[in-house]
Amino acid sequence: MAGFDLYGAEEKKEVMEVLETGCLFRYNWEHLRDGKWKARELEGLAKNYTGAKHAHMVSSGSTAVTTALSAAGIGFGDEVIVTPFTYIATIEAILWQGALPVFADIDETLCLSAEGIEKVITDKTKGVLLVHMCGAAADMDALMPVIEKHNLTLVEDAGQALGAFHKGKSVGLFGKSGAFSFDFFKITTAGEGGLCITDDNKIYDYMHQVSDHGHDHIGDNRGMEQHPILGTNFRISELNAAVGLAQMRKIETIRNKNRKNKAYLKNLLSEIEGVEFRAKLDEEGDSATFLNFFMKDTKTAQKVMDQFAKDGVGGFNYWFTNMFHFINQWDHIKNLQTPFKMAIHHLGAPQDYNNLDLPKAQEVIGKLISLGIKASWTEEELKTFGAQMVASIKKAIK
Ligand SMILES: Cc1ncc(COP(=O)(O)O)c(C=O)c1O
């Protein structure tokens, strides 16, 4: 699952190099840094890996989403269609921009559905913040025609999906800008960090400028740089970038181990009657950080989760009642609880957040169980775990 599974000497070596130069800052200071540019080097690897024309590292996945929205021109009062199943950072980023989240329904792909989007489009809709949940791409074949037909600005929150591809194309490259997280739990970690990608030169300029007080990053005298736009500080430090760099070199190893372990467990689960899997998964493009499966209904999924707890079989997420990933738990968002006034308080919410009509999301997330795949499992651990998992499910549904 997470890059920290394979954390080791390589990460320490990269960090030590930065500590030895004493240059902890990603820009300038050429005389101190002894030719070491960790953030820059990491961006080079990210470009190669995703196939993006441009890559820019920032301080977190949350600031990467905010940067991606800013660079794509989404701001005050813009209505942005979004999923009710994501980490809350996605929704926070829209609100922080002064934009207005409009929740749409999802389906068994675990992401927004084309029908869900169509249903909530109005003449005020500016864009879609599409989340590729749980390590794999959304159903781009169905979504892109709707997004193009309505001329919507697409920004991708691929916070959980570095290493995910749709028909060979990396997530994050289908719209104007894409964002990824390098937090502690992701396929590659920097401790804290985020990545923005784009194929568009202008958007790239906005990305690196907006995340560094508008600096144009031209020349070698930071103090004399121009500031063509307003920005803020979402910079990644060289120390975090050093860890991310070592991890980025390992991404294919981690991904391959994930995929092998996931395939083994999925095969075991497919023998159990009534268990179904995430729909329209591009198997080849799957980063395999999660194995997502459906029980018959919410009641059965809850019974299975109870059985896992009783038997001490860990590693499963039941998002339906998890605090952070599903809208049923987002009272603070629905009630717009903030210590200060945001655009949405001034403009009013575009939907009645306490009475949303998202029946499919309730059904799908109710019956969904997600297992975090570990890259570090030995063959023996994997076999033991698989046998325990199957035994618990069978006990629960007998
Ligand atoms: C979909 C999604 N977007 C954004 C984020 C935020 O990333 P970070 O924790 O690096 O701020 C996360 C983190 O889990 C996420 O899952």
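For the stretch 143-153, taking the residues that are among the β-branched types (Val, Ile, Thr) and touching a helix residue (DSSP H, G or I) at 6+ places or on another chain (Cβ under 8 Å), the one that is farthest from the ligand (Cβ to nearest atom) is identified as VAL146.
Under the condition of being small (Gly, Ala, Ser) and crowded, with 19+ Cβ neighbours inside 10 Å, which residue from the stretch 330-371 is nearest to the ligand (Cβ to nearest atom)? By that ranking, first place goes to SER370.
Within the stretch 172-189, being near the ligand (Cβ under 10 Å from one of its atoms) and among the aliphatic types (A, V, I, L, M) holds for one residue alone: ALA179.
Residues in the stretch 11-34 that are of a type outside the set (Val, Ile, Thr) and not in a loop (DSSP other than H, G, I, E, B): GLU11, LYS12, LYS13, GLU14, MET16, GLU17, LEU19, GLU20, GLU30, HIS31, LEU32, ARG33. Taking the stretch 364-382 as the range and being assigned to a helix (DSSP H, G or I), touching a helix residue (DSSP H, G or I) at 6+ places or on another chain (Cβ under 8 Å) and over 18 Å from ARG255 (Cβ atoms) as the test, the residues that pass are ILE365, GLY366, LYS367.
Table: residues versus (1) buried (at least 22 other Cβ atoms within 10 Å of the Cβ); (2) part of a helix (DSSP H, G or I).
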residue	(1), (2)
LYS36	no, no
ALA46	yes, yes
HIS56	yes, no
THR63	yes, yes
ILE74	yes, no
GLU92	no, yes
PRO101	yes, no
GLY116	yes, yes
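No other residue among LYS262, LYS280, LYS266, LYS257 is touching an Asp or Glu at 6+ places or on another chain (Cβ under 6 Å) and more than 16 Å from the ligand (Cβ to nearest atom) apart from LYS280. Among residues of the stretch 148-189 being surrounded by fewer than 22 Cβ atoms within 10 Å (Cβ to Cβ) and aliphatic (A, V, I, L, M), the one that is nearest to ILE236 (Cα to Cα) is LEU173.
Looking at the stretch 128-142, which of the residues that are free of Cβ contacts under 8 Å to residues at least 60 places away in the same chain and within 16 Å of the ligand (Cβ to nearest atom) is nearest to GLU283 (Cα to Cα)? Within the stretch 128-142, the match that is nearest to GLU283 (Cα to Cα) is ALA138.
Quick one: in the stretch 2-34, of everything that is more than 30 Å from LEU173 (Cα to Cα) and in contact with a Lys or Arg (Cβ under 8 Å, 6 or more places away or on another chain), which residue is surrounded by the most Cβ atoms within 10 Å (Cβ to Cβ)? Only one residue tops the list, namely VAL18.
Scanning the stretch 190-202 for residues that are surrounded by fewer than 24 Cβ atoms within 10 Å (Cβ to Cβ) and either more than 16 Å from the ligand (Cβ to nearest atom) or farther than 14 Å from THR63 by Cα (or both) yields a total of 5. Residues that are touching a residue at least 40 places away in the same chain (Cβ under 8 Å) and within 16 Å of the ligand (Cβ to nearest atom) were ranked within the stretch 296-329; the one that is surrounded by the fewest Cβ atoms within 10 Å (Cβ to Cβ) is PHE324. Of note, ILE236 satisfies the criterion of being aliphatic (A, V, I, L, M) and either farther than 29 Å from VAL390 by Cα or assigned by TED's automatic domain parsing to the domain that holds ALA161 (or both).
Scanning the stretch 88-101 turns up no residue that is assigned by TED's automatic domain parsing to the domain that holds GLU192, more than 16 Å from the ligand (Cβ to nearest atom) and of a type in the set (D, E, K, R).
Number of residues in the stretch 154-171 that are away from the ligand (no atom under 12 Å from the Cβ) and out of contact with any Lys or Arg (no Cβ under 8 Å at 6 or more places or on another chain): the value is 6.
The values are calculated or read from the model by the stated rules, or taken from the named source; none is laboratory data. The structure displayed is predicted, hence computed values, not measured ones. Glycine also receives a Cβ, built like all others from the backbone with ideal geometry; neighbour counts cover every protein chain displayed.
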